[in-house]
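For reference, the structure is listed below as structure tokens.
Here, each number is a calculation from the coordinates, and none is a lab measurement. Note that the coordinates shown come from a computational prediction; the quantities given were computed from them, not determined experimentally. So basically every Cβ, Gly included, is an ideal-geometry build from the backbone, and we count neighbours across all protein chains shown.
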Amino acid sequence: MKAGEEAGGADSEGPRKLGLCVLCGLPAAGKSTFARALGHQLRQQRGWAVGVVAYDDVMPDAFLEQVSAAPSPSQWKLLRQELLKYLDCFLMAVVNECQMSAPPDRTEAMWEDFITCLKDQDLVSSAALEAQSCYLLTKTAVSRSLFLVLDDNFYYQSMRYEVYQLARKYSLGFCQLFLDCPIETCLQRNGQRPRAVPAETIHLMRRKIEKPNPEKNAWEHNSLTIQSPACSSEASLEVTDLLLTALENPVKNVEDNWEQKETDRIICSASTLHQADQMLRRIISQTMKEAKGEQVPPYNLKLLAEELNKLRAEFLEDLRQGSNKKYLCFQQTTGISDVISFFHYEKDNIVQKYFSTQH
């Protein structure tokens, strides 16, 4: 495949490329088996460095034994966020081709499992300075194109978006693979495991799972659903194409965080309260310009501004409360145009006290 020849394999020319792949699906859907096979294929056929990070393997056994029961969702959330910090440390070292330093606030057992995971895949070597917890990257990690495959349920969109943000931070390729497996198969496989997930948990995840939705979320456009356990050779080609596409089209890291600002702008502009506030401010600004043009004395200008801003604050409070309104004595469905009309009426009553021109 032409794209593959330029994708930064072991012998290719040009800068190496880095990617993050989120592997998601129900417990016992076959994700870990698929991830190991994918890693082997990419190393053998593409010459890439591959790091498969299975969350179940890195979450510390000591923690599980300590709580003596299944961790709460909030505890799992904290652990996932901590693991993201570890991944951040590794990626920072890879991108800058430097030593990897351990974060100061870490769960020691979990960090050791993470380091072991990277060592087993020839991505880091022994600690350069044991006392300072610094680790050397291997030649494999710094000389080849690298794909990290994160193996977890990732059943909420928000869980996957955290990984996307990490890809954006370092301008990495990003993609998602969803293993779609019948729940009956998942339950059967799960029952054969030494540490089985409660069946009710799998049923709950099935009801709550948010599959990748490229049509709704632009950041999920590099996504592929694979039927498990029947992963055909055709599906294998689709997966390779997806990974190549991700590597060739890394997520752009806009330093001024334009995407977040644009999202915030859309949210704000959709807010009736925000729209009303902006329009009322413009009305007050225009009124004050007209007052200056009418040669209203400075002291009266100050009083006028105070009254108009007080009126604006009271209108906005009416909008916030939705009841017990002082001015907007009508239904919640009042539109912006109605709010502005009523404000103009009250504003004109105030203005008449300071200059004669009708507004």
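For the residue pairs 216/252; 119/211; 139/252, the alpha carbons lie more than 25 Å apart in 119/211; 139/252. Residues with beta-carbon under 13 Å from that of residue 118, excluding residue 118: net charge, scoring Lys, Arg +1 and Asp, Glu -1? Spelling it out: positives minus negatives among the neighbours equals -4. Largest first, the three principal axis extents of the alpha carbons in region 77-185 are 48, 29, 27 Å in whole numbers.
Shape analysis of region 149-197 based on the Cα gyration tensor places the equivalent ellipsoid semi-axes at 29, 11, 9 Å, largest first.
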